[in-house]
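Have a look at this one before I ask anything.
The values are calculated or read from the model by the stated rules, or taken from the named source; none is laboratory data. Since the model is a prediction, treat every value here as computed from it, not as a measurement. A quick note on method: Cβ atoms are made from the backbone with ideal geometry, for glycine too, and the neighbour counts reach across all protein chains shown. All accessible areas refer to the heavy atoms of the entire protein, side chains included, with ligands and DNA or RNA removed. Shrake-Rupley method; radii C 1.70, N 1.55, O 1.52, S 1.80 Å.
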Amino acid sequence: MTIIKTEEQLAVMRESGKIMKATFEYAKSVLKPGITTAELDKLLEKFIESYGATAPCIGYEGYPAATCISLNDTVIHGIPSDRIVIENGDIVSIDIVVGYKGLMTDAARTFPVGTISEEKKKLIKVTEECFFKAVERLRDGSPLGDIGYAVSSHAEANGFSVVRAFTGHGVGVYMHEDPAVNNYGKKGTGFRLRKGMTIAIEPMINAGTRDIKILSDGWTVKTVDGKPSAHYENTVAITDDGVEILTL
Ligand code: MF3
Ligand code: CO
């Protein structure tokens, strides 16, 4: 079910988005070679809680941490671990859901650590651009196919591939609401977005092929070819004449 948010709900999600923004600024400041993903996760959890907010990922379908931290060939849903040490040259995708006053926002960033390869640099840049291409002409009445087309055409024009096994989604009252937001599709087709809908648009872009595998922990998603992957996500609200990006 899609849920149209009221002005009051949007106001709370805007506040939640500000907490998200601060959390990513904090994440950037503590992301250094030598820190483990478990240490990073704990710091982010405490930071979010310092605002009177929550990390609804904890316990979600049994998920054991506050955030998802995915390095290099891990696409999404990397489980923070005291055995995963961040090193110079890594790219680190951090995916966070903030719960605040009964509503949620969802966002992800991919950060470089130290000196990274040219391929990784381009991958991060193109993945971010995919998001902005997707929201460029988005507004009340836009079909979902426009998002998918914008993301996949930009990724593929740059020699990268789009992960198809996972999608963006409505978000707000629940972590995952309708509609599912594919990162591929045909312009002018599909479900039409309406004013007041809030969706997470989240391109997951691979340097190699789009094929992924899920590890035996049931969560960690990696590229099959071992090449790197990047993730960039914001929660946006659809308005009459555009979108409001709530988590930026
Ligand atoms: N932000 C993720 C998403 O969009 C949530 C990861 S699953 C969880 O689906 F278990 F960590 F919550
Ligand atoms: Co999401």
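Tell me, which residue of the stretch 152-165 that is part of a loop (DSSP other than H, G, I, E, B) and open to solvent by 60 Å² or more (accessible area, probe 1.4 Å) is nearest to ligand 2 (Cβ to nearest atom)? Even if it seems obvious, please write down each step before you answer.
Just the residues of the stretch 152-165 that are part of a loop (DSSP other than H, G, I, E, B), to begin with: 158-160, 163-165.
Restricting the remaining residues to those that are open to solvent by 60 Å² or more (accessible area, probe 1.4 Å) gives 164-165.
Details: ARG164: 15, ALA165: 14 Å.
Looking at the filtered set, the residue picked out is ALA165.
Please verify whether VAL135 is open to solvent by 10 Å² or more (accessible area, probe 1.4 Å), assigned to a helix (DSSP H, G or I) and either β-branched (Val, Ile, Thr) or on the phi > 0 side of the Ramachandran plot (or both), treating the condition exactly as stated.
On the way: open to solvent by 10 Å² or more (accessible area, probe 1.4 Å): yes; assigned to a helix (DSSP H, G or I): yes; either β-branched (Val, Ile, Thr) or on the phi > 0 side of the Ramachandran plot (or both): yes.
Yes; evaluated as a whole, the condition is true for this residue.
Which members of the stretch 67-100 meet the condition of being touching a strand residue (DSSP E or B) at 6+ places or on another chain (Cβ under 8 Å) and part of a loop (DSSP other than H, G, I, E, B)?
Start the filter on the stretch 67-100 by keeping residues that are touching a strand residue (DSSP E or B) at 6+ places or on another chain (Cβ under 8 Å), which leaves 67-86, 90-100.
Across the stretch 67-100, the qualifying residues are ASN72, ASP73, HIS77, GLY78, ILE79, PRO80, SER81, ASP82, ARG83, ILE84, ILE86, ASP90.
Another question, if that's okay. Any residue in the stretch 46-63 that's closer than 13 Å to VAL97 by Cα: show its pairings with residues that are open to solvent by 40 Å² or more (accessible area, probe 1.4 Å) and near ligand 1 (Cβ under 8 Å from one of its atoms) at Cβ separation under 6 Å, as long as the two are six or more apart or on different chains.
none
Return only the number of the condition from (1) over 22 Å from THR209 (Cα atoms); (2) touching a helix residue (DSSP H, G or I) at 6+ places or on another chain (Cβ under 8 Å); (3) within 15 Å of ligand 2 (Cβ to nearest atom) that ILE94 does not satisfy.
Condition not satisfied by ILE94: (1).
Same structure again: Name the single residue, out of those in the stretch 86-132 being hydroxyl-bearing (Ser, Thr, Tyr) and under 18 Å from LEU31 (Cβ atoms), that is surrounded by the fewest Cβ atoms within 10 Å (Cβ to Cβ).
First, pick out the residues of the stretch 86-132 that are hydroxyl-bearing (Ser, Thr, Tyr): 93, 100, 105, 110, 115, 117, 127.
If we keep only those that are under 18 Å from LEU31 (Cβ atoms) too, we end up with 93, 110, 115, 117, 127.
Numbers: SER93: 27, THR110: 25, THR115: 9, SER117: 13, THR127: 30.
Per the criteria, the residue is THR115.
List every residue pair whose Cβ atoms sit under 9 Å apart, with the two residues 6 or more apart in sequence or on different chains, where the first one lies in the stretch 94-113 and is hydroxyl-bearing (Ser, Thr, Tyr) and the second, anywhere, is part of a loop (DSSP other than H, G, I, E, B).
Once the first residue is hydroxyl-bearing (Ser, Thr, Tyr) and sits in the stretch 94-113, its partners that are part of a loop (DSSP other than H, G, I, E, B) give TYR100/TYR51; TYR100/GLY52; TYR100/ALA53; THR105/VAL171; THR105/GLY172; THR105/LEU246; THR105/THR247; THR110/TYR232.
May I pose another question? Can you find a residue that is touching a His at 6+ places or on another chain (Cβ under 8 Å), more than 21 Å from PRO33 (Cβ to Cβ), touching a residue at least 60 places away in the same chain (Cβ under 8 Å) and surrounded by fewer than 24 Cβ atoms within 10 Å (Cβ to Cβ) anywhere in the stretch 69-82?
The initial filter retains those residues of the stretch 69-82 that are touching a His at 6+ places or on another chain (Cβ under 8 Å), namely 70, 75-76.
Those still in the list that are more than 21 Å from PRO33 (Cβ to Cβ) too: 75-76.
After this cut, where a residue has to be touching a residue at least 60 places away in the same chain (Cβ under 8 Å) as well, the list is 75-76.
Right, trim to surrounded by fewer than 24 Cβ atoms within 10 Å (Cβ to Cβ) and you get 76.
Within the stretch 69-82 (the criterion being touching a His at 6+ places or on another chain (Cβ under 8 Å), more than 21 Å from PRO33 (Cβ to Cβ), touching a residue at least 60 places away in the same chain (Cβ under 8 Å) and surrounded by fewer than 24 Cβ atoms within 10 Å (Cβ to Cβ)), the answer is yes, since at least one residue qualifies.
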